[in-house]
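Heads up, the thing below is written out as structure tokens.
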Amino acid sequence: MAPLIAVEEVDKTFESGAHGVRALDRVSFDIEEGSFVSLVGPSGCGKSTLLKIISGLIPASRGAVRVGGRLVDGPLANVGMVFQAPVLLKWRTVAENVMLPVEFAGRNPRDYEDKARSLLALVGLEDFYDEAPYRLSGGMQQRVSLCRALVTDPGILLMDEPFGALDAMTREELDLELLRIWGEKKMTVVFVTHNIQEAVLLSDTVVVMSARPGRVLERLPIALERPRTIEMTSGAEFGRYGLVIRAMLGRSAANPPVKLSA
Amino acid sequence: MKLSLKDIAEPVLFFLALLVVWEVLVKFARVPSFILPPPKDLYHAFTAKFFILGHHSLITFAEAVGGFALSLVLGVAFAIAVVYSRHLHNTIYPLIVILYAMPKSAFAPLMVIWIGYGLFSKIAIAFLVAFFPIVVNTVVGLKEVEPELIDLARINRGSAWGVFKKIRLPNALPYLFAGVKVALVLSVTGAIVAEFVAANEGLGYLVLQANYSLDTAFALVILLILALLSLLLFAVVEMLQRKWIPWSAEVRQIEGSF
């Protein structure tokens, strides 16, 4: 079966002054439909940039991304996005925030009321339907932003360090919630994080990236059984995955790649 | 935030004490009343010329609010135009900045030549001084939108109009209100300065008349009325702010609800 998302030799150089800043260096990997893939790497390795290129929000300098066999040359439809910050609109209620993508897509929010309600129930926020977002805690706000991403039933969910700003306990809670929702909705998730443990806990595959310019160091399948639990994180197998990834990142930092094109 | 009895009593007692000290000091130090009249004289001036004050206050009020209203409508329109059009941003915006760098009150004599002696030259000056804070604040508010929200709109095929209506405009409201507060006070000042230059009515004209006749008590009363006028306008804006943007950080801070 052909992969849902194919990243092919993607380069990205940002123009800045006389010299461009190279963010991505011939990045290639595939993502199977319905799988959970994490992009892990040191900060500044271009993983967020890669996510934006996959979504079609910014173009690659070279190379291509295909989704469902079609070349991505503009913002993808049928995609949900969750960012590091919840970026909720202060002037809207929780439910109205969840409706924002529906409104942008030119559909009638009325038709999505039940949907919004059930999504909020899914993350335990059914009682906050009409609440102002700023009255919610950081973790709750991020749950709302997850509901907002899911309201249009996207086939692909792109998440850019979504729980990076939360405390460790809330992060774990949300990781498990996300896994539960992913299990129910059967969508493809591309998840950017710099937290190795989080990546191992969540993913089918961890794509390990080097420091800038970001290259794919390894495409590591995680063979842990599902459903994943917090208890697993203290197991030996889980720990081995973590060590492997850490070693790869350490090696790449110690020995920067030799430029072939001198 | 709940006001306690103490929060109300304290300022009231303070100002009463201030008046008493003023009255007593002026009397014992034998300060001539054209330098500093006692509060009692101010009260007499106020009651004796109540209707004159009312008439001229209305004039100044109309000038200030007229100029302000004009600056609000044109300022917001300009801000939107500048944010959405690169051409206007490159041409009109520098023009506004140059205009801002000039002392607007220096236009007052010119306005008399251009527009004439009446109400409209005062409205023009009030407009000029109030215009800039409105434009600048609105431009910032329209622009300072989280880029993620724009991404969200693009992914969902949102229109430019949708982004404007649902994100940029509401986002600009707290900034606009901050500009409005500055603009209102400035527009009162603008109207007064314009009246100083050439007028036969308004509080600015009246305060000059009081000065010519060394009627310091009356001049001070006029200044107090001007303060009241500005405070009144300020209070209206605060009220609207609570009503229209209860979600803004500023309002939430005032009300202590978060």
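The values are calculated or read from the model by the stated rules, or taken from the named source; none is laboratory data. Just so you know, these numbers come straight off a predicted model, no measurement behind them. FYI the Cβ positions are ideal-geometry reconstructions off the backbone, even for glycines, and counts take in every protein chain you see.
Structure notes:
- A:Arg212, sole failed condition from (1) in a loop (DSSP other than H, G, I, E, B); (2) out of contact with any helix residue (DSSP H, G or I) (no Cβ under 7 Å at 6 or more places or on another chain); (3) more than 18 Å from A:Cys45 (Cα to Cα): (3)
- Failed item in (1) away from chain B (no Cβ under 12 Å); (2) surrounded by 18 or more Cβ atoms within 10 Å (Cβ to Cβ), with A:Glu113 passing the rest: (2)
- Flag for A:Leu39 being closer than 24 Å to A:Leu119 by Cβ and in contact (Cβ under 8 Å) with a residue 12 or more places away in the chain: no
- Residues that are among the aliphatic types (A, V, I, L, M), touching a Lys or Arg at 6+ places or on another chain (Cβ under 9 Å) and more than 14 Å from chain A (Cβ to nearest Cβ), drawn from segment B:124-155: B:Ile125, B:Leu128, B:Val129, B:Leu142
- Exclusive hit being farther than 21 Å from A:Gly41 by Cα, touching a Phe, Trp or Tyr at 6+ places or on another chain (Cβ under 8 Å), within 14 Å of chain B (Cβ to nearest Cβ) and not basic (Lys, Arg), set A:Leu150, A:Leu136, A:Leu146: A:Leu136
- Elements of type helices (runs of 4 or more DSSP H) in segment B:145-209, at least 3 residues being in contact with a Pro (Cβ under 9 Å, 6 or more places away or on another chain) and without any contact (Cβ under 8 Å) to a residue 40 or more places away in the chain: B:147-155
- Counting only residues that are without any contact (Cβ under 8 Å) to a residue 12 or more places away in the chain and away from every other protein chain (no Cβ under 14 Å), segment A:66-107 holds 2 of them.
- Scope segment A:54-93; condition of a type in the set (S, T, N, Q) and touching a strand residue (DSSP E or B) at 6+ places or on another chain (Cβ under 7 Å); matching residues: A:Ser55, A:Ser61, A:Asn78, A:Gln84
- Screening the candidates A:Thr193, A:Thr233, A:Thr170, A:Thr229 for the property of being within 28 Å of A:Asp11 (Cβ to Cβ) and among the polar types (S, T, N, Q) yields one hit, A:Thr193.
- For segment A:158-166, the criterion of being hydrophobic (A, V, I, L, M, F, W, C) and at pLDDT 95 or above is satisfied by at least one residue.
- A:Asp25 under 29 Å from A:Arg180 (Cα atoms), in a strand (DSSP E or B) and more than 14 Å from chain B (Cβ to nearest Cβ): no
- In segment A:171-201, the residues that are among the aromatic types (Phe, Trp, Tyr) and part of a helix (DSSP H, G or I): A:Trp182
- Listed by position, the helices (runs of 4 or more DSSP H) enclosed by segment B:15-122 that each have at least 2 residues that are over 19 Å from B:Leu228 (Cβ atoms) and more than 19 Å from the chain's Cα centre (by Cα) are B:50-84, B:86-101, B:108-114.
- Boolean, A:Gly124 is more than 12 Å from every other protein chain (Cβ to nearest Cβ) and assigned to a loop (DSSP other than H, G, I, E, B): yes
- Test: B:Ala64 is small (Gly, Ala, Ser), more than 23 Å from B:Gly204 (Cα to Cα), modelled with pLDDT of 90 or more and surrounded by 13 or more Cβ atoms within 10 Å (Cβ to Cβ): no
- Here is the figure for segment A:52-66: residues that are hydrophobic (A, V, I, L, M, F, W, C) and surrounded by fewer than 20 Cβ atoms within 10 Å (Cβ to Cβ) total 2.
- Some residue of segment B:118-126 being assigned by TED's automatic domain parsing to the domain that holds B:Phe177, of a type outside the set (Ser, Thr, Tyr) and out of contact with any helix residue (DSSP H, G or I) (no Cβ under 7 Å at 6 or more places or on another chain): yes
- When B:Ala235, B:Ala227, B:Ala198 are screened for being modelled with pLDDT under 95, more than 14 Å from chain A (Cβ to nearest Cβ) and in contact with a Ser or Thr (Cβ under 8 Å, 6 or more places away or on another chain), only B:Ala198 passes.
- Filter pass, B:Phe15 being loosely packed, with under 13 Cβ neighbours inside 10 Å, of a type outside the set (A, V, I, L, M) and not assigned by TED's automatic domain parsing to the domain that holds B:Val236: yes
- Failed condition for A:Thr49, given (1) more than 20 Å from the chain's Cα centre (by Cα); (2) surrounded by 15 or more Cβ atoms within 10 Å (Cβ to Cβ); (3) farther than 15 Å from A:Pro154 by Cβ; (4) within 14 Å of another protein chain (Cβ to nearest Cβ): (1)
Conditions (1) in contact with a Cys (Cβ under 8 Å, 6 or more places away or on another chain); (2) within 19 Å of B:Asn156 (Cα to Cα); (3) aromatic (Phe, Trp, Tyr), marked per residue:
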| position | (1), (2), (3) |
| --- | --- |
| A:Ser38 | no, no, no |
| A:Gly63 | no, no, no |
| A:Gly80 | no, yes, no |
| A:Lys90 | no, no, no |
| A:Arg107 | no, yes, no |
| A:Tyr112 | no, yes, yes |
